[in-house]
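Below is one structure; the comments refer to it alone.
We did not get these values from a lab; they are worked out from the coordinates using the rules stated. As the structure is a computational prediction, the values presented were derived from the model and not from experiment. As a convention, Cβ positions derive from the backbone with ideal geometry for all residues, glycine included, and neighbour counts pool all protein chains shown.
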Amino acid sequence: MASAMEVESLAKHVGEAVHFGAKVKNTGQIEAGYIVVVKWKEHGTEEWETGGLEDAWLVPEQYGEFTIGFVECTERMVGKYFDVKFTLYQTETDRILDVREIPEAWFVEAYEVLGTLSNYWIE
C-alpha cells in the first residue's frame, strides 16, 4: 500500500490492478455530503485520468472508508511511475474541501525472463 506518508512506490506488473482508497472524516458540525474523486497520471505529464468517484453522507465526527476505483496496469505502463490525486468535494456546492497527492505512487515493472537448463545430454 502506498500512502502520502510513505516514500517507497508500490511495485506492480502488467495485468495487476492498482486500487484507490480513502478515509474521509466529517470535521464539521452538521451532517454533510461528500464526493471523493481520484485521478492518476504518468509522472512528469500534465493530463490526469479519472480513476474513480465515491459519494457519501456523514454525520459530524463520522468516518467513511471507501474503495474508490482501480486501474489495471498495461504494457504501455511498463518502466513508468504514476501519480495519484485525491480531491474531496462538498456535494451540494462542489466546493473543494481537501486535495492530497501521492507523487510516484506506483511503478510498473516488467517481468524478468529467466531460465536455466535443467538437463542436457549428447547421444
Tally up the residues in region 36-61 that are under 29 Å from Val108 (Cα atoms), of a type outside the set (Lys, Arg) and surrounded by fewer than 18 Cβ atoms within 10 Å (Cβ to Cβ), please. 10
Pair list, Cβ < 9 Å and 6+ apart or interchain, from region 85-105 residues that are without any contact (Cβ under 8 Å) to a residue 60 or more places away in the chain to residues that are in a loop (DSSP other than H, G, I, E, B): Lys85/Trp48; Tyr89/Arg95
Just to be sure I understand the filter: pairs with C-beta atoms under 8 Å, separated by 6 or more residues or on different chains, first member in region 53-68 and under 8 Å from Val36 (Cβ atoms), second member not basic (Lys, Arg) and not in a strand (DSSP E or B). Which pairs pass? Asp55/Thr91
I'd like the full set of residues that are among the polar types (S, T, N, Q) and either in a strand (DSSP E or B) or touching a strand residue (DSSP E or B) at 6+ places or on another chain (Cβ under 7 Å) (or both), limited to region 39-61. Thr50
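To keep it simple, each residue is scored yes or no on (1) touching a Gly at 6+ places or on another chain (Cβ under 8 Å); (2) polar (S, T, N, Q); (3) closer than 25 Å to Glu112 by Cα.
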residue: Ala32; (1), (2), (3): no, no, no
residue: Lys39; (1), (2), (3): yes, no, no
residue: Glu42; (1), (2), (3): no, no, yes
residue: Trp48; (1), (2), (3): no, no, no
residue: Gly69; (1), (2), (3): yes, no, no
residue: Cys73; (1), (2), (3): yes, no, yes
residue: Lys80; (1), (2), (3): no, no, yes
Phe70 - would you say it is surrounded by 12 or more Cβ atoms within 10 Å (Cβ to Cβ) and either within 20 Å of Asp94 (Cβ to Cβ) or among the polar types (S, T, N, Q) (or both)? no
Taking the stated definitions as given, is Tyr120 surrounded by fewer than 10 Cβ atoms within 10 Å (Cβ to Cβ), in contact (Cβ under 8 Å) with a residue 60 or more places away in the chain and on the phi < 0 side of the Ramachandran plot? no
Counting only residues that are out of contact with any strand residue (DSSP E or B) (no Cβ under 6 Å at 6 or more places or on another chain) and either charged (D, E, K, R) or more than 27 Å from Tyr111 (Cα to Cα) (or both), region 62-82 contains a total of 3
